[in-house]
Amino acid sequence: MTTFRDKLESFKLLISVVRRLMAMALSRLGHLRPALSRSLPALLRSPLEISMSRPGFWQKGCGQCGALPLSLSLFIFSFAAKGKGQPQARVSINSALVEDIINLEEVKEEMNAVIENLKEDYSRNLSIRTSPGALDHITVTTKDGKFPLNQLGQISMKSPQLILVNMTSFPEATAAASKAIRESGMNLNPEVDGTLVRVPIPKVTREHRENLAKLAKQFTNKAKESLRKVRTNAVNQAKRSKDTVSEDTIKLIEKQIQQMVDDVAADMDKQLTTKTKELLG
């Protein structure tokens, strides 16, 4: 099936051939070169190219020749085949041409940051064998605010079966630290001994593996919520330009944003599948 993009490429090729032929003719008609050189560029410009150079084209299009506005311009997006049994049409916007409306590169960076945070959560909290580092970023809630456990206590490995958290520097936060460890979702049952919190490392049982797999899904769902917030903010930003650009343009940008979200969400699902298989063994 011939796509719109294929037609465009054929048109460009035709223009290139015509220009080469005209150049050859000019080399043989030197006395006509000045006149033809002035008129040739205008003669070979398509209505679309002429319209694109007019002020306001990229926002509303050309009413005189029917040239396409930004939302349908061949120069900023392409479609994959669309039809029964074929993939859904995809959009690929040249971000430079819509930067006055929204910075798609920044949106992409925000989405990538969400998935990077998810990977960190996996690495930090979903180890089969509990290590001192796994406790570092457990959040402890105190009367003075929330703090990572490693800022309140000294965490060390006493033996392969026991982790110690020394709370001498902040003894008043010992109970809160013990509670945070217990509620971390890591299947840990700390024991308080003065300002020392003993954390026995559980054996790697099937139940423990399944609990970690459930925790992985919770982290993924939380990341998807953050991803949806990025999408909502980006769409709202694009809609603020509805008075200066066409409705089709806004819809096209929304489709691009949703496509980016879908791609990142699919990546998250792959990460979850891989992690779940690793945890369950």
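Overview of values
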{"read-out": "Share of alpha-carbon pairs per 5 Å distance bin for region 130-200, given as whole %", "value": "3, 19, 35, 28, 12, 2, 0"}
{"read-out": "Cβ-Cβ FRET estimate between D267 and D144, R0 fixed at 30 Å, reported to 0.05", "value": "0.20"}
{"read-out": "Residue order, fewest to most beta carbons within 10 Å, for V199, V235, V264", "value": "V235, V264, V199"}
{"read-out": "Least to most buried among T168, T276, T249, T141 (fewest other Cβ within 10 Å first)", "value": "T168, T141, T276, T249"}
{"read-out": "Flagged links, alpha-carbon separation over 19 Å, of K179/K229; K119/K143; K222/K275; K158/K203; K119/K277", "value": "K179/K229; K119/K143"}
{"read-out": "Which of L162, L252, L104 has the fewest Cβ neighbours within 10 Å, and the rest in rising order", "value": "L162, L104, L252"}
{"read-out": "Of the GluC sites (Glu not before Pro) in region 178-268, those whose Cβ has at most 15 other Cβ within 10 Å and which sit in DSSP loop", "value": "E183"}
{"read-out": "Neighbour cut-off at most 12 other Cβ (10 Å), DSSP loop, trypsin sites (Lys or Arg not before Pro), region 231-268", "value": "R240, K242"}
{"read-out": "Placed amide H near G185: partners under 5 Å, 5+ positions off or other chain", "value": "none"}
{"read-out": "Set of region 165-191 residues, backbone N closer than 18 Å to the point 7 Å along the Cα-Cβ line of S156", "value": "165-171, 191"}
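No lab work stands behind these numbers, since they all come straight from the coordinates. Bear in mind the structure is a predicted one, so any value in this text is a computation, not a measurement. Note that each Cβ is placed from the backbone with ideal geometry, even for glycine, and that neighbours are counted across all protein chains shown.
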